[in-house]
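Scroll down for the structure; my scribbles are underneath it.
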Amino acid sequence: MEKVLIIGACSAIAQETAKLFAKDGAALYLADLKKGRLESVKSDILTRYETKIFIEEFDALNFDKHQELIENASKALNGIDIVLIAYGTLPDQTSIQKDYPAILREFNINCVSVISLSSIVANYFEEKQKGTLAVISSVAGDRGRQSNYIYGAAKGGVSVFLQGLRNRMFHSNVNIITIKPGLVDTPMTAHLPKNFLFASAESVGRGIYEAIKLKKDVVYLPWFWKFIMCIVKAIPESLFKKMKL
Ligand SMILES: NC(=O)c1ccc[n+]([C@@H]2O[C@H](COP(=O)([O-])OP(=O)(O)OC[C@H]3O[C@@H](n4cnc5c(N)ncnc54)[C@H](OP(=O)(O)O)[C@@H]3O)[C@@H](O)[C@H]2O)c1
């Protein structure tokens, strides 16, 4: 039986991944901001599948609690095999780009706290010489654009950090997986007009589950974002800076 810790477990995407692990009979430790939502996610999963689920109210900005979360999960589950870091916030770029404390807060949520947790998890797995850490980054981290460079820079920082961590952890039998979704129809993007590029939380959640099972390194979800981002990254900067993206 696998033992899975999901941080940001109430995310629409993470809930879909959690259901697939529960279907396998994996024991789950779910952490997120609000206890009430965690309780409904837990009961929703338990109405479908029979498994063990623990919950913990957790704010990623509370850095002093990071080590404790991993210890609590390890104790409850009797060890951890897989960790998925899924929480995040998508700020409105124009309303925060001149507000330095707000920029810092977004960086702390989407980058610094993720780096802190990833480091603690990696050290935990390194000691055991096994384990899988999957982190949801974003295609937005592949190139800075005027419409979302604060979020994009935070995700880009996470992606590069994970790249180095993967290289270090390879020698300890620990898998580090970078998940790069494109546009996904979730509460995070509820305010955006939808188009054909939007994927469902269900399909992206399944993609994450499969990437973990297959021990992938970097996955774009859906797969076609790999090609879209190849094109976006290939545009010369002298041209890119003039585009309204
Ligand atoms: N949706 C997309 O198009 C898209 C694209 C690329 C990447 N992603 C990434 O995918 C991941 C999941 O996003 P989603 O679309 O599933 O969004 P979502 O449904 O809005 O879920 C985000 C979750 O993060 C939680 N959260 C926010 N701040 C937190 C904090 N300080 N500590 C702990 N939890 C916190 C939220 O709690 P509350 O709701 O209570 O605030 C919510 O449960 C995120 O990392 C996101 O950046 C999403």
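Can you tally the net charge around LYS34? Count Lys and Arg as +1, Asp and Glu as -1, for every other residue whose Cβ sits under 12 Å from the Cβ of LYS34.
Numbers: positive: LYS35, ARG37; negative: ASP32, GLU39, GLU56, GLU57, ASP59.
Net local charge, LYS34 excluded: -3.
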At a Förster radius of 22 Å, what calculated FRET efficiency corresponds to the Cβ-Cβ distance of ASN167 and CYS230, to the nearest 0.05?
0.50
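What range in the chain is the longest one free of GluC sites (Glu not before Pro) that are in a loop by DSSP and have at most 16 other Cβ atoms within 10 angstrom? Don't skip to the end; give the middle numbers.
Values: sites that count: GLU2, GLU50.
Here the longest segment lacking exposed loop sites spans 51-245.
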Which order do SER43, SER172 fall in if you start with the one that has the fewest other Cβ atoms within 10 Å?
SER43, SER172
Here the convex hull volume per residue of the stretch 58-150, taken over Cα atoms and given in Å³, is 99
Top positive-direction residue, dipole computed over the chain with Cβ charges, set LEU104, PHE224, LEU77:
PHE224
Does anyone have the angle between helix 201-213 and the longest principal axis of the chain? Alpha-carbon axes, 0 to 90°, nearest 10?
60
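Dividing the alpha-carbon Rg of the chain by 2.2 N^0.38 Å yields what?
Numbers: Rg = 17.6 Å, N = 245, 2.2 N^0.38 = 17.8 Å.
My calculation over the Cα atoms of the chain gives 0.99.
If you average the sequence gap of Cα pairs under 8 Å that are 6 or more apart and divide by the length of the stretch 3-240, what percent do you get for the contact order? Don't skip to the end; give the middle numbers.
On the way: 407 pairs, mean separation 44.6, N = 238.
Here the relative contact order equals 19 percent.
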Charge dipole (the chain, unit charges on Cβ, about Cα centre) - positive-most of PHE196, MET169, ILE120:
PHE196
For the stretch 159-209, run through the chymotrypsin sites (Phe, Trp or Tyr not before Pro) and keep only the ones in DSSP coil with at most 11 other Cβ atoms within 10 Å of their Cβ.
PHE196
Residue-count net charge about ILE70 - beta-carbon cut-off 14 Å; Lys, Arg +1, Asp, Glu -1:
-3
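What order, most packed first, do the peptides 24-30, 132-138 have when packing is the mean number of other Cβ atoms within 10 Å of each residue? If you can, show how the numbers build up before the last one.
On the way: 24-30: 20.7, 132-138: 25.0.
Ranked from most to least packed, the peptides come out as 132-138, 24-30.
Using the Cα centre as the reference, give the magnitude of the dipole from point charges on the C-beta atoms of the chain (Lys, Arg: +1; Asp, Glu: -1; all else neutral), rounded to the nearest 20 debye.
Details: 31 positive and 25 negative charges, 158 e Å.
Using Cβ point charges on Lys, Arg, Asp and Glu, the chain gives about 760 debye.
Each reported figure results from applying straightforward, stated rules to the coordinates on display, with no laboratory input. This is a predicted model, so every value here is computed, not measured. FYI the Cβ positions are ideal-geometry reconstructions off the backbone, even for glycines, and counts take in every protein chain you see.
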